[in-house]
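Here is the structure we will look at.
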Amino acid sequence: MEIVKAFKYRLKTGHQDDIILSRFAGCSRFVWNHALSFQKDLLDNGNRCLSYESLTSQLPIWKKDFPFLKDVHSQTLQQRLKDLCRAIDAAFDPKDARKFPKFRKKHKSVASFRYPQGFRINGNCVYLPKIGWYRFHKSREIIGTPKNCTVSKRGKHWYISVQTEMSITNPIHPGVSFSGADMGVINTLALSDGMTYKPADSFKKASFKLAAMQRKLSRMVKRSNNWKKQKSKINRLHIRIKDMRQDHLHKISSEVSKNHAVLVLEDLNVKNMSASAKGTIANPGKNVKRKSALNRSILDQGWFELRRQFEYKMDWLGGTVVFVPPSGTSHTCSCCGHISPENRPSQALFYCVKCGHTESADVNAAKVILGAGQALLACGSNGASMPSEAGTIQKLR
Ligand SMILES: [Zn+2]
């Protein structure tokens, strides 16, 4: 089995390096925007977009018009054009159309560029063509054959991410257990064996601090030096919140995927579930405030990210993830199968009005999900690639 892994390290850079790396990233962004406006003009005039090959043949012409592009390694610019062509193709994909790519603003996009080849790694040093050698904080060994290297800025620091490929013998999962899992707001994850994982609520914890910092920012003179300092402080707090959330989710997904060979999850459509309830002026939505608070906590849990981690970690370990349709799992009794909204006297508690079964609502749901997964596997169809039906999935707890 071929697997792709990424290894990310922080570069040791000084002020001068920041200028050089920012210039590379800036040129890369400039090429993206320039090529995008070129493609958009073609589309607006009823023509087809240029292919990647034809687009790269424009690069020498652009280099004459914009000489600063000559200082940058040309493969990093070609990579950006490749990304753009891929994004445009994805926007016209009839099966799964993505959003059309946007222009990248300097302060609103991640400063980055990628080398498809030419970079070298020696111990804790990396050679970036046309820039030079950099030392990095080597927190772990790189495993596999390096395929490409992305340099990006996050907060104040620059990072390299080395993507490698390796082939491993088809793994066999050490465990034999079969578990259902329910993702919720009170518990980020509850398993059918009764194990629950509390949310880190990283955003909630930091939100007071964030609000105070934003209030302070609002009183400052826009674009003054103090304003810029405060803005970067806020930016760093956002990064910290994201890191805390990511760390928490990785701990959960690693532990669960090591302990269970088959995991049944609900095929939730997080995008639909967390859609704004605002509505339109003619048709305003109900309970907008309550729904927006719920949305915030749904997004704070990182359900989609957790699901993504389960999928690849189980794949690497030789386990399986099965998806079941989510309708009614929170109102179904795991003992007698009775379905009624009255079974939920509160968010946290499940009390079956028919048989009197009492349990934590999330664990009960996990048991129901496990049952649905077993039924699905017994029928002989693996739900792993089952499409989610938008509309039937909106489940408000
Ligand atoms: Zn019951």
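Look at segment 215-232 and say how many of its residues are surrounded by 14 or more Cβ atoms within 10 Å (Cβ to Cβ) and either at pLDDT below 90 or not in a loop (DSSP other than H, G, I, E, B) (or both).
Summing the residues that are surrounded by 14 or more Cβ atoms within 10 Å (Cβ to Cβ) and either at pLDDT below 90 or not in a loop (DSSP other than H, G, I, E, B) (or both) in segment 215-232 gives 5.
List pairs: first in segment 337-349 and over 13 Å from ALA365 (Cα atoms), second acidic (Asp, Glu) and more than 10 Å from the ligand (Cβ to nearest atom), Cβ under 7 Å, 6+ apart or cross-chain?
Close Cβ pairs (under 7 Å, with a partner that is acidic (Asp, Glu) and more than 10 Å from the ligand (Cβ to nearest atom)) do not exist here.
Give PHE24, PHE38, PHE7, PHE30 a once-over and let me know the one that is surrounded by 15 or more Cβ atoms within 10 Å (Cβ to Cβ) and not in a helix (DSSP H, G or I).
Being surrounded by 15 or more Cβ atoms within 10 Å (Cβ to Cβ) and not in a helix (DSSP H, G or I) holds for just one of PHE24, PHE38, PHE7, PHE30, which is PHE7.
Among (1) assigned to a loop (DSSP other than H, G, I, E, B); (2) more than 10 Å from the ligand (Cβ to nearest atom); (3) surrounded by fewer than 18 Cβ atoms within 10 Å (Cβ to Cβ); (4) not basic (Lys, Arg), where does LEU377 come up short?
Going through (1) assigned to a loop (DSSP other than H, G, I, E, B); (2) more than 10 Å from the ligand (Cβ to nearest atom); (3) surrounded by fewer than 18 Cβ atoms within 10 Å (Cβ to Cβ); (4) not basic (Lys, Arg) one by one, LEU377 breaks only (1).
Of everything in segment 350-367, what is outside any helix (DSSP H, G or I) and within 11 Å of the ligand (Cβ to nearest atom)? Give them in sequence order.
Once the filter is applied, which keeps residues that are outside any helix (DSSP H, G or I) and within 11 Å of the ligand (Cβ to nearest atom), segment 350-367 yields PHE350, TYR351, CYS352, VAL353, LYS354, CYS355, GLY356, HIS357, THR358, GLU359.
So in segment 300-329, with the set limited to residues that are part of a helix (DSSP H, G or I) and in contact with a His (Cβ under 7 Å, 6 or more places away or on another chain), which one is farthest from the ligand (Cβ to nearest atom)?
Among those residues, the one meeting the criterion is LEU317.
Every residue in segment 330-343 that is touching a Lys or Arg at 6+ places or on another chain (Cβ under 8 Å) and more than 12 Å from the ligand (Cβ to nearest atom), please.
The answer is SER330, and nothing else.
Does TYR52 satisfy the condition of being farther than 30 Å from ILE239 by Cα and surrounded by fewer than 19 Cβ atoms within 10 Å (Cβ to Cβ)?
Spelling it out, TYR52 is indeed farther than 30 Å from ILE239 by Cα and surrounded by fewer than 19 Cβ atoms within 10 Å (Cβ to Cβ).
Residues in segment 78-95 that are crowded, with 19+ Cβ neighbours inside 10 Å and farther than 13 Å from ARG29 by Cα: how many?
Qualifying residue count, segment 78-95: 2.
List pairs: first residue in segment 355-369 and acidic (Asp, Glu), second residue near the ligand (Cβ under 10 Å from one of its atoms) and in a strand (DSSP E or B) anywhere in the structure, Cβ distance under 9 angstrom, at least six positions apart or on different chains.
Hits for this filter: GLU359/PHE350; GLU359/TYR351; ASP362/PHE350.
Would you call LYS209 free of Cβ contacts under 8 Å to residues at least 24 places away in the same chain, outside any strand (DSSP E or B) and surrounded by 12 or more Cβ atoms within 10 Å (Cβ to Cβ)?
It is false that LYS209 is free of Cβ contacts under 8 Å to residues at least 24 places away in the same chain, outside any strand (DSSP E or B) and surrounded by 12 or more Cβ atoms within 10 Å (Cβ to Cβ).
Need pairs with beta-carbon distance below 8 Å; first residue touching a residue at least 40 places away in the same chain (Cβ under 8 Å) and within segment 21-38, second of a type in the set (Asp, Glu) and surrounded by fewer than 20 Cβ atoms within 10 Å (Cβ to Cβ); sequence gap 6+ or separate chains.
Every condition considered, the pairs that remain are ARG23/ASP71; CYS27/ASP71; TRP32/ASP83.
Name the residue that is surrounded by the fewest Cβ atoms within 10 Å (Cβ to Cβ), counting only residues in segment 190-205 that are touching a helix residue (DSSP H, G or I) at 6+ places or on another chain (Cβ under 6 Å) and part of a strand (DSSP E or B).
Restricting to residues being touching a helix residue (DSSP H, G or I) at 6+ places or on another chain (Cβ under 6 Å) and part of a strand (DSSP E or B), the top hit is TYR197.
The values are calculated or read from the model by the stated rules, or taken from the named source; none is laboratory data. As the structure is a computational prediction, the values presented were derived from the model and not from experiment. Here Cβ is always computed from backbone atoms with ideal geometry, including for glycine, and neighbour counts include all displayed protein chains.
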